[in-house]
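Input: a single structure, listed below in structure tokens.
The values are calculated or read from the model by the stated rules, or taken from the named source; none is laboratory data. As the structure is a prediction and not an experimental result, all values here were calculated from the model. A quick note on method: Cβ atoms are made from the backbone with ideal geometry, for glycine too, and the neighbour counts reach across all protein chains shown. Heavy atoms of the whole protein, side chains included, go into the accessibility calculation; ligands, DNA and RNA do not. Shrake-Rupley method; radii C 1.70, N 1.55, O 1.52, S 1.80 Å.
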Amino acid sequence: MNIAVVMPLFLFILLIFFIGFWADRSIRLSKKDFMQEYFLGGRQLGGFILAMTMMATYGSASSFIGGPGVAYTEGFGWVLLAMTQVVTGYFVLMVLGKKFAIKAREYKAVTLTDYLRSRYESHTVALIAAISIIIFLFSAMAAQWVGGARLIETVVGIPYTSALSIFAVSVLIYVVIGGFRAVALTDAVQGSVMFIGTLILLIATIIAGGGIDAIMNDLTAENPNLITPFGADSTLTPAYVSSFWILVGVAVVGLPQVTLRAMSYKSSRSMHRAIIIGTVVVGFVMLNMHLIGVFARPILPGIEVGDRVMPMIALEVLPAWVAGLVLAAPMAAIMSTVDSLLLLVSSAFVKDIYITYIKPEASEKRVKTMSFGVTAILGVLVFLMALQPPDLLIWLNLFAFGGLEATFIWPVVLGLYWKKGNKYGAISSMLTGIISYIIIDQFFTQPLGVHSVVLPVVFSFIFYVIVSLMTSQEYAGHTVDYSRS
């Protein structure tokens, strides 16, 4: 164990704990509704914190651990593909914008499921949404758990299971205690660490490789395809790269963990500031993290588990104590995504299922106990899932992304902007998206040369529009029986 590396990471985790306890005190002293405070931070996020929490939530283990690992294998083609993520924060906030935040407040929506239930006046829509969040986000959370454990395993030099235990306990303590306010504040700290850590590691990697010219010559000598847009094995075709933009760019507007941020800002000025800051930071971090993965190949050849590239290159090219500070960046990315996903799944259980359908008259004390307890239990279940990790966790994360996007994108976007959209269209769209995505992803990889998320998104759009139009007359002519829908 290298104490000089471990100590900065330890101090970073202590700082996160401090923020969690402070947020817990803030919640207890607040006279506002507990659900609004715990799951949305009282809807009081400013521009900087909103931008950083969006970036930190979206920039996860797949961006800081899995992404550079794939870039190490595929070369510059994966860097080009990763840059499709630059528009994420801009696109989400521009599409949803003020209208979504206003509607969410009007409906008193604490979760995306709340919003969908009120917009479509349908319990069926809400239940499909809650179940989808629970199923797909378990995969996403497992990916983050694996990423955190891989990082600790490599840095500290302990077995994977022990590393996984340390990571799980660390995250659960501050998420269970502090809720969304702790998540948002720690995301701001973590996002700043990601930005600085990425810059330091990129410079150190270039210096260790003898400069960019030397690195490029080494890559060309090993495999000329590494410096082309098509990947080491020429598998990154233009059709696949273009369609990947849908997965990590446009369709991100359907991700519940990102959409939730568009409910939580306090003013239009905060939103506009977040658009600018978020776009710059995401672009900087995504470009440079993936470049580090490619540049690491000549310095550390022969790494078999791609998820270990990031921590190994940091330990190789930096002084020990600086490596500890820099490795706080991927740890920050992972923890910031885990905490958000934990709260999202917890809210799906507590708010969307328990309070809405099982015990609407539950006291605030009971709600608090349920919120803390469910969050802790979920953490334990994900820990058990992560005990058998894949070699490249990015595929687990992207599977969850695709499933959520195929489920939610059209009920959210068209529900906001198209008045004729109704519950029948939403239900058919969500079910079509879920079923077609799972079938295509498992049995028809890259249909027509595009990513497996593309066709489900197209199918769910078609079903939303056609079914809504077919049922619009019937829907408009009857009073909705909300209790049965």
Residues of region 449-471 being in contact with a Lys or Arg (Cβ under 9 Å, 6 or more places away or on another chain) and open to solvent by 70 Å² or more (accessible area, probe 1.4 Å), in sequence order, are 469
Verdict on residue 242 being touching a residue at least 12 places away in the same chain (Cβ under 8 Å), closer than 24 Å to residue 452 by Cβ, open to solvent by 50 Å² or more (accessible area, probe 1.4 Å) and not basic (Lys, Arg): yes
Hey, any hits in region 118-132 for a residue that's at pLDDT below 80 and either in a helix (DSSP H, G or I) or within 15 Å of residue 398 (Cα to Cα) (or both)? no
With 73, 88, 84 as the choices, which residue is at pLDDT 80 or above and either touching a strand residue (DSSP E or B) at 6+ places or on another chain (Cβ under 6 Å) or of a type in the set (S, T, N, Q) (or both)? 73
Is region 402-413 home to any residue that is touching a Pro at 6+ places or on another chain (Cβ under 6 Å), modelled with pLDDT of 80 or more and open to solvent by less than 10 Å² (accessible area, probe 1.4 Å)? yes
Selection count, region 353-388, where residues are farther than 15 Å from residue 140 by Cα and either assigned to a helix (DSSP H, G or I) or β-branched (Val, Ile, Thr) (or both): 20
Inside region 114-126, can you point out the residues that are touching a residue at least 60 places away in the same chain (Cβ under 8 Å) and either over 14 Å from residue 254 (Cα atoms) or touching a strand residue (DSSP E or B) at 6+ places or on another chain (Cβ under 6 Å) (or both)? 114, 117, 119, 120, 121, 122, 123, 124, 125, 126
Scan region 198-239 residue by residue and report those that are surrounded by 20 or more Cβ atoms within 10 Å (Cβ to Cβ) and out of contact with any Phe, Trp or Tyr (no Cβ under 6 Å at 6 or more places or on another chain). 198, 201, 204, 219, 225, 226, 231, 232
Name every residue in region 134-154 that is under 18 Å from residue 166 (Cβ atoms) and open to solvent by 10 Å² or more (accessible area, probe 1.4 Å), in order of residue number. 150, 152, 153, 154
May I ask you to verify whether residue 117 is within 30 Å of residue 319 (Cα to Cα) and of a type in the set (D, E, K, R)? no
Selected residue (criterion: farthest from residue 139 (Cα to Cα)) from residues of region 414-435 that are of a type in the set (Ser, Thr, Tyr) and surrounded by fewer than 24 Cβ atoms within 10 Å (Cβ to Cβ): 417
Long-range neighbours under 8 Å by Cβ, at least six apart or interchain, first residue over 17 Å from residue 416 (Cβ atoms) within region 453-476, second modelled with pLDDT of 95 or more and of a type in the set (Asp, Glu): none
Can you tell me which residues in region 62-113 are open to solvent by 10 Å² or more (accessible area, probe 1.4 Å), under 23 Å from residue 427 (Cα atoms) and touching a residue at least 24 places away in the same chain (Cβ under 8 Å)? 95, 99, 103
Looking at this structure, is residue 51 touching a Pro at 6+ places or on another chain (Cβ under 8 Å), modelled with pLDDT under 80 and open to solvent by less than 10 Å² (accessible area, probe 1.4 Å)? no
